[in-house]
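Q: Supplied in structure tokens, the structure appears directly below.
Bear in mind that the values in this text are calculations on the coordinates, not laboratory data. Note that this is a predicted model, so its numbers are computed, not measured. Cβ atoms come from the backbone with ideal geometry, glycine included; neighbour counts cover every protein chain shown.
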Amino acid sequence: MADAATNGAASGPRPIIEIDRVSKVYRMGDVEVHALCGVSLTINEGEFIAVMGTSGSGKSTLMNTLGCLDRPTSGTYRLGGEDVALLTPGELAEIRSRKLGFVFQSFNLLSRTSALENVELPLIYAGVSSRERRRRALESLAHVGLADRAGHHPSQLSGGQQQRVAIARALVSRPKVILADEPTGNLDSRTSVEIMALLQELWRSGITIALVTHEPDIAQYAARLIVMKDGVVQRDERHEPIVAVVP
Amino acid sequence: MNPIQTTRVAARALMRNKMRSFLTTLGIIIGVAAVIAMVAIGEGAKARVEQAFQSMGANLLIVVPGTTTSGGAHGGFGSMPTLTYDDLRAIQNELTSVRLAAPALRSIAQVISEEQNWTTTVMGTTPDYFAVRSWPVAHGRIFSSVDVEGGTKVVVLGQTVVEKLYGANVDPIGQSLRIKNTPFAVIGVLDRKGQAPNGQDYDDNVFIPSSTFQSKIQGGLQKFIGGIIVVSAVSADQTSRAQAQITALLRDRHHIQPDAEADFSIRNLVEMAGARQEGMQTLSMLLAAIAAVSLLVGGIGIMNIMLVSVTERTREIGVRMAVGAKPSHILMQFLVEALTLSIAGGVIGVALGLVTAERLAVALQWPVLYRPDIIIISVVFSAVVGVVFGLYPAYKASRLDPIEALRYE
């Protein structure tokens, strides 16, 4: 972490995610599948990137690797200056707990569990005291505009509300990076825009966001577009994002 | 994540499937309840048997005179006096394994006080009788060997007789009563002894010196004892030796040929008690086996449900891992769930067992003896079952790949 930290903001953007020649090979029966073939990528603090690509392009594997859910077969991965490529599953869990927040396509909230308790979940594993957990979870729910739904179960919430709870859960551990895997995949277009507006707001508050999507108009809300194909980065370009305005 | 939180998470998960959780624990509940109830009842029964045999006397042997045969009909033991006072003295003085021996002459008679009458058993005996039976006086005194030698007309009463003749809480000492028209002075009242194993009331007896019994109640028969001899061995493990010695002594004294039937018999109460306890032990072993099988089946039930639960909640496990749960957190969560199930089963089983034992004890009029050690062992064993059978499903859960788990439908 030393270099990036000491250089400070004055010396330009600080990298938060650095992967270098990362490959991932799955073995499916006798066939070796090369999901990632030597991908190198640097994401700076405060960036909002969208990863696009067709099914089988390696974008999901890339996200799982960035999310410390999967370990690369070869190559290096530095997250916030810390080498995480060779950590054990337990150590990776701790990295996820400290530095990352996840938002999934299918929300992945625990059923028959209140919104508040769902948001508290990461803090339980981070060892936060129960009073502090409650306070921070309520704060996080208020941030996504659902303070009044704290006691509701996922089944009592709309899809958009469920995804907001999931975003509140991702936020509650104050992560550096939020990884969103098709966060609008299960939502109608109006709700999708609402969710993207929320993600843009978080981005403007300084959180790094990496988003996987297959919808070009969703990708336009990000400031950098990465297109994957056959396990390599095909395109990597920055652009002025469209501001999400709730109609 | 501390143990209290882990337990709360586990309890909540179990409460989501209340019926399933309950049915899963049923095996443990039944197993533990069976152990607790049966041990409590078994201990109660054992205590009752011990108490009953203890109340008959310490290390007691009873020598019963022999049979008569008239016209082909056997009269049964005790129908003819064959034991003599010389036999009694020989048993008392010549045998090393015998502590005390006393005659017990027995007759049913009406006892009349100034206001009441009562038909009871009159026993003629010697002071040693009370020592053999470990039966102290409540107040007053028992008669002495001087009373026996002199044939004095004194009587010692059992508690039931006192109640019938004088009413409760009356001290009858110094009063006079008549047995078969002979006046007797009441000199003592015995402690309450309770019931014999066959339900006979030990306290419904009056005792007079054996010599007085012979002269005033029974008449005649100066040489023979018109009843039985009670013998106390020097210790519990000497009763069999005492039995053998008395048998040899009496056969010799009565000149009975080695192959001939003896004209007396000896009842060894310690042996009888021992046999009953052996029966109890066999029963206990059987129950322990049933309980062990029940707990094993209960454990397999827990493992089965935990495996189902892990599969059902694969996605939940994935979510928990994604938000920072370590494999060890997942392992603990499922292990604690199994442990909660099994300990809850154990505790419910203990409660159910105690209630069952209590009900049965009331119905059977037995004392119930709770064994705290068995209660603790049962709960601990339930916990062990939970850990042993919960470990594999929990390990399986902790080894899930978070990506696979999140994708699981």
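Q: So if each residue of separation counts as 0.36 nm, and I subtract the Cα-Cα distance between B:GLU271 and B:LEU296, what length gain in nm does that give?
A: Value of the extension gain: 5.3 nm.
Q: Among residues other than B:ALA260 whose Cβ falls under 15 Å from its Cβ, what is the net charge (Lys/Arg +1, Asp/Glu -1)?
A: Around B:ALA260, the charge tally is -2.
Q: Could you please state, rounded to a whole Å, how far the C-alpha centre of segment B:96-140 is from the C-alpha centre of segment B:20-62?
A: 35 Å
Q: OK, next. Give me the one-decimal nm value for the distance between modelled label points at A:VAL245 and B:LYS180, 7 Å along each residue's Cα-to-Cβ direction.
A: 12.8 nm
Q: May I ask you to list the residues of segment B:26-67 whose amide nitrogen lies under 11 Å from a point 7 Å from Cα along the Cα→beta-carbon direction of B:ARG192?
A: Those under the cut-off are none; the list is empty.
Q: Taking every residue in A:88-96, how many Cβ atoms of other protein chains lie within 10 Å of its Cβ, on average?
A: Mean partner-chain Cβ count within 10 Å for A:88-96: 5.
Q: Let me ask something else. Which FRET efficiency, nearest 0.05, do B:HIS255 and B:VAL170 yield, Cβ-Cβ r, R0 56 Å?
A: 0.60
Q: For the protein assembly as shown, what size does the Cα cloud have along each of its three principal axes, sorted from largest down, in whole Å?
A: Answer, in whole Å and largest first: 134, 56, 49 Å.
Q: Per-residue Cβ counts within 10 Å, from other chains only, averaged over B:311-323: what number is that?
A: Partner Cβ neighbours, averaged per residue: 5.
Q: While we're looking at this one, here's another question. Average the reciprocal distances over every distinct pair of alpha-carbons in segment B:254-308, invert the result, and give the Kirkwood radius in Å.
A: After inverting the pairwise mean of 1/r, the radius is 15.9 Å.
Q: Hey, got a sec? Which GluC sites (Glu not before Pro) in segment B:219-305 land in a DSSP loop and have at most 11 other Cβ atoms within 10 Å?
A: Here the sparse-neighbourhood loop sites are B:GLU261.
Q: Hey, quick one: spin label on B:SER215, modelled 7 Å out along Cα-Cβ, who in segment B:132-162 has an amide N within reach, i.e. under 19 Å?
A: Only B:143-156 pass the distance filter.
Q: Report the gain in length on full extension from B:ASN17 to B:MET280: 0.36 nm times residue separation, minus Cα-Cα distance, nm rounded to one decimal.
A: 90.5 nm
Q: What's the percent breakdown of Cα-Cα distances in chain A across 10 Å bins, shortest bin first?
A: 7, 31, 36, 22, 4, 0
Q: Give, as a single signed number, the net charge of other residues whose beta carbon lies under 14 Å from the beta carbon of B:ALA168, with Lys and Arg counted +1 and Asp and Glu -1.
A: Result for the neighbourhood of B:ALA168: -1.
Q: Taking the Cα centre of each part, how many Å lie between segment B:294-320 and segment B:332-352?
A: 14 Å
Q: List the trypsin sites (Lys or Arg not before Pro) within segment B:177-248 that fall in a DSSP loop (any state other than H, G, I, E or B) and whose Cβ has at most 15 other Cβ atoms within 10 Å.
A: Of the trypsin sites (Lys or Arg not before Pro), the ones in loops of segment B:177-248 whose Cβ has at most 15 other Cβ atoms within 10 Å are B:LYS180, B:ARG192, B:LYS223.
Q: Let me ask another. Are any of the pairs A:LYS99/B:LYS326; A:LYS24/A:LYS229; B:LYS153/B:LYS193; B:LYS153/B:LYS180 more than 20 Å apart by Cα-Cα distance, and if so, which?
A: Pairs exceeding the cut-off: B:LYS153/B:LYS193.
Q: Hey, another quick one. Mind jotting down the distance between the C-alpha centroids of segment A:184-234 and segment B:181-217, whole Å?
A: 105 Å
Q: Nearest 20 debye, what's the magnitude of the dipole of chain B about its Cα centre given +1 on Lys and Arg Cβ and -1 on Asp and Glu Cβ?
A: Result for chain B is approximately 1440 debye, rounded to the nearest 20.
Q: Put a dot 7 Å past each Cα toward the Cβ at B:GLU404 and A:ASP148; how far apart are the dots in nm?
A: 4.5 nm
Q: Which aspartates and glutamates does B:LYS216 reach when only Cα atoms under 16 Å apart count, and residues fewer than 8 places away in its own chain are ignored?
A: Within the straight-line limit of under 16 Å, B:LYS216 reaches these aspartates and glutamates: B:ASP147, B:GLU149.
Q: Hey, another quick one. If you take the charge dipole of chain A about its Cα centre, with +1 on Lys and Arg Cβ and -1 on Asp and Glu Cβ, which of A:LEU109, A:VAL245, A:MET228 is farthest toward its positive end?
A: Farthest towards the positive pole: A:LEU109.
Q: Take the Cα coordinates of chain B, assign each an equal point scatterer, and use the Debye formula without solvent to give log10 I(q)/I(0) at q = 0.06, 0.07, 0.11, 0.13 Å⁻¹.
A: -0.46, -0.56, -0.86, -1.05
Q: Moving on to the next point. What distance in nm separates the two pseudo spin-label positions at B:SER328 and B:ASN117, each 7 Å out from Cα along the beta-carbon direction?
A: Going from the B:SER328 label point to the B:ASN117 one covers 9.1 nm.
Q: Report, in debye and to the nearest 20, how large the dipole of the protein assembly as shown comes out about its Cα centre when Lys and Arg carry +1 and Asp and Glu carry -1 on their Cβ.
A: 740 debye
Q: Taking only the C-alpha atoms, wrap a convex hull around segment B:83-262 and report its volume per residue in Å³ as a whole number.
A: Per-residue hull volume (Cα only) is 127 Å³.
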